[in-house]
Amino acid sequence: MTISYNWLSEYLPEQITPEKLSKILTSIGLEVETLEKYEEIKGGLEGLVIGEVLECSKHPDADKLSITKVSIGTGEPLQIVCGAPNVAAGQKVVVATVGATLYPSTGDPITIKKAKIRGTESFGMICAEDEIGLNDNHAGIMVLPADTKIGIAAAEYFKPYQDHIFEIGLTPNRMDAMSHLGVAKDVCAYLSHHTKKDSHVKLPFKNGFKADNNELKIAVSIENAEACQRYAGVSIAGVTVAESPVWLQQKLKSIGLRPINNIVDITNFILHETGQPLHAFDANEIKGNKVIIKNLPEGTPFITLDEKERKLSAEDLMICNEEGAMCIGGVFGGLQSGVKDTITNIFLESAWFAPTGIRKTSLRHGLRTDAATRFEKGVDISNTVNVLKRAATMIKEIAGGTIASDIVDVYPKPKTKTEVSITYHYLKKLSGKNYHADAIKNILSSLGFEILKEGIDEMRVAVPFSKLDISIAADLVEEIMRIDGLDNVEIPATISIAPSVENLAHEASYKEKIATYLIGAGFSEIFTNSITNSAYFSEAVLQKAVKMINSLSAELDVMRPAMLETGLETIAYNLNRKNNDLQLFEFGKTYTAEEIGKYDEQEHMCLYITGKKNPDGWKGKGANADFYFAKAACEKIIELLGLKIIEYTIEANEKLDSAVEVKIKNQTIATIGSINKKTATRFDIKQPVLFVDLDWARLMALSKKTKIEYKEISKFPTVYRDLAIVVDKTLTYSQVEKATQSAKVGKLKSINLFDIFESDKLGANKKSLAVSFSFLDEEKTMTDNDIDAMMNKIKASYEKELNAEIRK
């Protein structure tokens, strides 16, 4: 939420510095995320003065240059070389002196320095309008009126608008603070409470509204009174659509809005002043002089202000005339009935639309307008007509014309205020602070609450329509604590706690252990969005996906059914910024739905690897990460979890090439592979990406059943033996490991493949595997006979199970 300091100050009873106001706002729960100085003209024309050209002559060495003498009211006249064709003696001009910085309309800032141009010294610059950021005009230097006083600062002459802008991190429930008046009310409540003086907002509403005539009566009919509970309008005839006054344009620009024309600018001004959206119609386009609020049939075409045709839903509330639709109620106007430069008669709308319907329509059509943002949070239904009168009066003053009808106010079922009770004991319990009854009463009264009943330990209030989020006593506690100041919450001298029972310590400790290892190995942890784009997945996958009913955007509409895609988004983002060597890991969840209301979460731990596994160095270039690098990282994670006896099987995978499933006791605990070309192309990735997806929940279940024992290092030596075997080419190393385990050699500690050799000399479709074994007896030093006996058992197992030939 963007708030202008100058604008806000107009409603406050006293002047408060921007810095102090920033602290007050944060203290009352309107956290100021940034406070920045705003300048209509960047640099504020600092260093520029008004001068007079005393002399002007042609430069002897350049046809298009002139040498001028310019007086700036102090000291000797400045010699300035000027290239403008319209410079002449006697002109009053804007002069940038040496050291001044110019901020042109386009391009980078320019600092004026003493210069020598074609052999002639120049001590400044005579400025054109675009050179100082006034506009884009570069036809020549700016010539000021003859009676302009010289020597004064350009900032004093032009008086460029300056302001301070607050960016407030507004929480979703605070629709009452989505306007300058709403913020002002909170500030005044704070001042009243802390200064013990009544501080009231300077309201802009006047009681002088009066219809000039009834020549342009437009009737209003509400057919859907649930979606539109109040609708007010007024006609204004004979307006002139033109540019807005400077003060209005400056206010809108300061909060980031682009001025359009006086009618639209006034509706935008009122929106940010009061929080109430308005809409202006071309009255001549209201066929039958009647406005009808209703729903239209499913699929009805409608062209909006952005000239796009949209197919309406039967749930969309429409503002219609007797012949057709004019506006998507509370969301976006129609092209035909919008305000154009040529219109003279307008019908101004102020209404209350049901928040739920507005949000659904806004998301359905992708129209996230300022009006929809306010309506979907709820606006003050009691202020509908007051705001309309204020806007109509402004339009008459600024755009001319006459108010050509009385206010039409259709309010079928007037709302009653919510009533809430609070006990002082409950307030003390939640806030931890004792509040005097008078302080409670004054705070709530200053916020617009009506005190209905006061008791010894209780107060009952009626909630203002501007605070739709207030419904229970805890909400009143929050309001009282906000105005008292959230930084004034008392901290108790003692804290009472109950010992907690930690059920997830096992999993948390392993997560920390694995993360520590991976970070030490050069990986970086990432957290990706659990909500992703359904376009990434096949229809078969989406059948069991958890779809978002109220999606944040068209691209974020499903809870991720797989981890790969969100990780690849991160990979693509980095690759597009030349960060090509990545080793990433992530703990996350995937989501599936067996049926409506029955959902399942699966925990994963994933690795994403691309580029080089180590950087280039003086000893040579770094090697690219490959499948075996990913496999080694996966094996190390499993080892750190205390698990052993891993099996590998090659399985087909829709998104991975050469996918390998890692199993323990016939349970798949991980998948390793490289993303295939189709998947890479979808994310515009042009280099190999390795992916490891570990089933974290299954690993945790297995690790809980595993007992990890710690032993001191053996004092007896480890013995190593090598063995070469000739086997079929199709044989995998995992089969060799299985055959080794079948030999049941208790003293065997590890096995490692260190060479693969293929040659026709070995025989057709044969290969040689060289394997290293390590043996350890922790009770004695092993003899050659002990080692030979174990190696013979392994050889026998290889010959029997692998049909291997032992190379001598």
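The values are calculated or read from the model by the stated rules, or taken from the named source; none is laboratory data. Note that the structure is a prediction, hence the values are computed from the model and not measured. Using ideal geometry, Cβ is built from the backbone for each residue, glycine included, and neighbour counts are taken over all protein chains shown. We work out accessible area using only protein heavy atoms, side chains counted, and drop any ligands, DNA or RNA first. Shrake-Rupley method; radii C 1.70, N 1.55, O 1.52, S 1.80 Å.
Can you list which of the GluC sites (Glu not before Pro) found in segment 481-584 are DSSP loop residues with at most 15 other C-beta atoms within 10 Å?
Of the GluC sites (Glu not before Pro), the ones in loops of segment 481-584 whose Cβ has at most 15 other Cβ atoms within 10 Å are Glu490, Glu502, Glu555.
Going by average Cβ neighbours within 10 Å, how do the peptides 372-380, 285-293 rank, with the highest at the top?
Highest mean packing first, the order is 372-380, 285-293.
Could you tell me what fraction of 2.2 N^0.38 Å the Cα radius of gyration of segment 98-157 comes to, as a two-decimal ratio?
Working: Rg = 12.8 Å, N = 60, 2.2 N^0.38 = 10.4 Å.
In units of the globular-protein estimate, segment 98-157 measures up at 1.22.
For an R0 of 41 angstrom, estimate the FRET efficiency from the Cβ-Cβ distance between Glu33 and Lys453 and round to the nearest 0.05.
Values: r = 39 Å, r/R0 = 0.96.
Efficiency for this residue pair is about 0.55.
Do the alpha carbons of any pairs in Lys631/Lys749; Lys64/Lys114; Lys42/Lys113; Lys715/Lys800; Lys621/Lys686 sit beyond 27 Å of each other, and which pairs?
Lys715/Lys800
Name the shape class, rounded, prolate or oblate, that the alpha-carbon gyration tensor gives for the chain, where a ≥ b ≥ c are the square roots of its eigenvalues, rounded holds for a/c under 1.5, and otherwise prolate holds if a/b is larger than b/c and oblate otherwise.
Cα axes put the chain in the prolate bin.
Taking θ as phi - 60°, what are the ³J(HN,Hα) couplings along segment 657-666 by the Karplus curve (6.51, -1.76, 1.60), each to the nearest whole Hz, with x for Gly and Pro?
Residue by residue, segment 657-666 yields 8, 6, 6, 10, 9, 9, 10, 10, 6, 6 Hz.
Under unit Cβ charges (Lys, Arg +1; Asp, Glu -1), what dipole magnitude, rounded to 20 debye, does segment 572-727 have relative to its Cα centre?
560 debye
Roughly how many percent of the accessible protein surface of the chain is carbon and sulfur, given a 1.4 Å probe and a whole-percent answer? Numbers along the way, then the final one.
Working: 20700 of 41870 Å².
Using a 1.4 Å probe with all protein chains present, the chain comes out at 49 percent carbon and sulfur.
Would you mind telling me the antiparallel percentage of the DSSP bridges in the chain, rounded to 5?
Values: 142 of 148 bridges.
Counting only bridges with both partners in the chain, antiparallel ones make up about 95 percent.
For the peptides 300-307, 737-744, what is the packing order when you average, over each peptide's residues, the other Cβ atoms within 10 Å and list the highest mean first?
Averaged packing, sorted descending, gives the order 737-744, 300-307.
When you count, for each residue, the other Cβ atoms within 10 Å and take the mean per peptide, how do 1-7, 676-682 rank with the highest first?
1-7, 676-682
Assuming a ≥ b ≥ c are the square roots of the Cα gyration tensor eigenvalues, decide whether segment 136-280 counts as rounded (a/c under 1.5), prolate (otherwise, with a/b larger than b/c) or oblate.
Oblate, because a/c is 1.5 or more while a/b does not exceed b/c.
Taking R0 as 45 Å, what's the FRET efficiency between Ser496 and Leu203 from their Cβ-Cβ distance, rounded to 0.05?
Efficiency computed from Cβ-Cβ geometry: 0.40.
Which of rounded, prolate or oblate describes segment 177-237 when judged by the alpha-carbon gyration tensor and an a/c cut-off of 1.5?
Taking the square roots of the gyration eigenvalues as a ≥ b ≥ c, segment 177-237 is oblate.
What are the trypsin sites (Lys or Arg not before Pro) within segment 572-652 that DSSP puts in a loop, where the Cβ has at most 13 other Cβ atoms within 10 Å?
Arg577, Lys578, Lys619, Lys621, Lys644
From largest accessible area down, sort Glu712, Glu273, Glu129, Glu799; use a 1.4 Å probe on the protein chains.
Details: Glu712 165, Glu273 0, Glu129 45, Glu799 95 Å².
Largest accessible area first, the residues go Glu712, Glu799, Glu129, Glu273.
Pull up all non-local amide H partners of Met142: gap of 5 or more, or a different chain, and H-to-H distance under 5 Å with H placed in the peptide plane.
Amide H to amide H, under 5 Å and 5 or more residues apart or across chains, Met142 pairs with Val94, Cys127, Ala128, Glu129.
Give me the distance between the Cα centres of segment 170-185 and segment 374-410, rounded to whole Å.
After rounding, the separation between the Cα centres reads 20 Å.
Rolling a 1.4 angstrom probe over the protein heavy atoms, how many square angstrom per residue are accessible across the chain?
Result: 52 Å² of accessible area for each residue.
Where does each of Phe353, Phe123 land when they are ordered by accessible area, with a 1.4 Å probe and the largest first?
Ranked from most to least accessible, the order is Phe123, Phe353.
When only DSSP loop residues count, what GluC sites (Glu not before Pro) in segment 320-349 have their Cβ near at most 13 other Cβ atoms within 10 Å?
Glu322, Glu323
Among Val291, Tyr38, Leu170, whose Cα sits farthest toward the positive end of the charge dipole of the chain (+1 at Cβ of Lys/Arg, -1 at Cβ of Asp/Glu, about the Cα centre)?
Leu170
Stretched out fully, how many nm does the piece from Glu215 to Thr17 gain, at 0.36 nm a residue minus the Cα gap?
66.4 nm
How large is log10 I(q)/I(0) at q = 0.12, 0.20, 0.23, 0.29 Å⁻¹ when the Debye formula is applied to the Cα atoms of segment 577-636, each weighted equally and without solvent?
Evaluating at q = 0.12, 0.20, 0.23, 0.29 Å⁻¹ gives log10 I(q)/I(0) of -0.48, -0.85, -0.97, -1.17.
Contact order normalised by length for segment 55-200, with contacts defined as Cα pairs under 8 Å and 6 or more residues apart; what percent is it?
17 percent
For segment 152-168, in order, what is each residue's ³J(HN,Hα) by Karplus, 6.51 cos²θ - 1.76 cosθ + 1.60 with θ = phi - 60°, in whole Hz (x at glycine and Pro)?
Running phi through 6.51 cos²θ - 1.76 cosθ + 1.60 with θ = phi - 60° gives 7, 5, 4, 5, 5, 6, 7, 6, x, 6, 10, 7, 10, 10, 9, 9, 9 Hz.
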